[in-house]
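Report on the structure given below.
Each value in this text was obtained by applying a stated rule to the coordinates, not by laboratory testing. On a predicted model such as this, the values are computed, not experimentally measured, just so you know. Virtual Cβ from ideal backbone geometry, glycine too; neighbours counted across all protein chains shown.
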Amino acid sequence: MLKIKGLRKTFGSVIAADDIDLSVAPGEALGIIGPNGAGKTTLFNLIAGGLAPDAGEIRLNGRDITAAKPHERCIAGIGRSHQIPRPFENLTVFENLLVAAVHGGGLAEQAAIAPCAEILDRLHLIPRANTLAGALTLLERKRLEMARALATNPHLLLLDEIAGGLTEGECLELVETIKQVHAAGMTIIWIEHIVHALMAVVGRLSVLNFGKKVAEGNPQEVMASADVRQFYIGLLA
């Protein structure tokens, strides 16, 4: 579904993406980890179109989207959540989804009502549908962030540290929701510092460090690597 080849991005002397190759198959869940400053969010910004690469190619379902604008990538099938949820706080939860479905998914407002309601149900937000988004708890805002991305009807869902800031119990609740979304056929790339959350969902793990992909493979094998343990979690083999 997604194929990245030789992706490179620099900010002055800082190399944020260093010739990254990455591919994701339809229905797959790929996890991405790495230390702070490793280039994880930069990678998402490059995929979603918030940044233009200095070199390399990005293809979605065989189509070259390297030069496409963010809204064009959204329409093409890339949905994204952000680390810090920023909903339209003076709109209700349901209205937030309608905005995403109409302006991101290209649906007419009337046609968007049923799919938005279904997404709210799947993400356990139906009881809060008519609540102003600014009144939500952090867990509910995280759910709304994912719901808004799903309302654009994506083929590929990018989750950027969506579990960050949650309690252990809230994290487990959110993981179960992500599992359900993935089980329904959604292709996911998930950046996360909470590794046990990732390990419960993803089938493959990639590791970034200083903008370069340094490891990739089975999540258990990657996390058992002495190099990954040393630079990422500070443990010696």
Could you size up the charge dipole of the chain around its Cα centre, putting +1 on the beta carbon of Lys and Arg and -1 on that of Asp and Glu, and report it in debye to the nearest 20?
-> 380 debye
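Classify region 156-228: rounded, prolate or oblate, from the alpha-carbon gyration tensor (a ≥ b ≥ c, eigenvalue square roots; a/c under 1.5 rounded; otherwise prolate if a/b is larger than b/c)?
In terms of gyration-tensor shape, prolate.
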Run the numbers on the chain and let me know its relative contact order in percent, using alpha-carbon pairs under 8 Å that are six or more apart.
-> 27 percent
Under a plain spin-label model, where a point goes 7 Å from the Cα along Cα-to-Cβ, how far apart in nm are Leu91 and Ala183?
-> 3.1 nm
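Taking chymotrypsin sites (Phe, Trp or Tyr not before Pro) that fall in a DSSP loop and have at most 16 other Cβ atoms within 10 Å as cut points, what is the longest piece of the chain between them? Kindly include the intermediate steps, with their values, before the conclusion.
Details: sites that count: Phe88, Phe210.
The answer is 89-209.
Give me Lys213, Lys179 ranked fewest to most by other Cβ atoms within 10 Å of their Cβ, as a rough exposure proxy.
Working: Lys213 22, Lys179 13.
If I rank by nearby Cβ atoms, fewest first, I get Lys179, Lys213.
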Run through the DSSP bridge list for the chain and note the antiparallel percent, rounded to the nearest 5.
-> 55 percent
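Using 0.36 nm times the number of residues separating Leu138 and Met199, minus their current alpha carbon distance, what extension gain do you get? Don't jump to the answer; show the numbers that get you there.
Numbers: separation 61, 0.36 × 61 = 21.96 nm, distance 2.25 nm.
This chain segment gains 19.7 nm when fully extended.
For region 115-237, what is the convex hull (Cα atoms) projected area averaged across all directions, in square nanometres?
On the way: hull surface 34.2 nm².
Across all orientations, region 115-237 yields a mean hull projection of 8.6 nm².
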Dipole size in debye (nearest 20) for region 31-132 around its Cα centre, Lys and Arg Cβ +1, Asp and Glu Cβ -1?
-> 220 debye
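Only Cα pairs under 8 Å and at least 6 apart count here; give the relative contact order of region 162-237 as a rounded whole percent.
Details: 57 pairs, mean separation 14.6, N = 76.
Computed over region 162-237, the figure is 19 percent.
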Would you mind classifying region 87-153 by shape? Square roots of the alpha carbon gyration tensor eigenvalues, ordered a ≥ b ≥ c; an a/c under 1.5 is rounded, otherwise it is prolate if a/b is larger than b/c and oblate if not.
-> prolate
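Expressed in nm², what is the orientationally averaged projection area of the convex hull enclosing the Cα positions of the chain? Don't skip to the answer; put the middle values down first.
On the way: hull surface 50.8 nm².
Projected over every direction and averaged, the Cα hull of the chain covers 12.7 nm².
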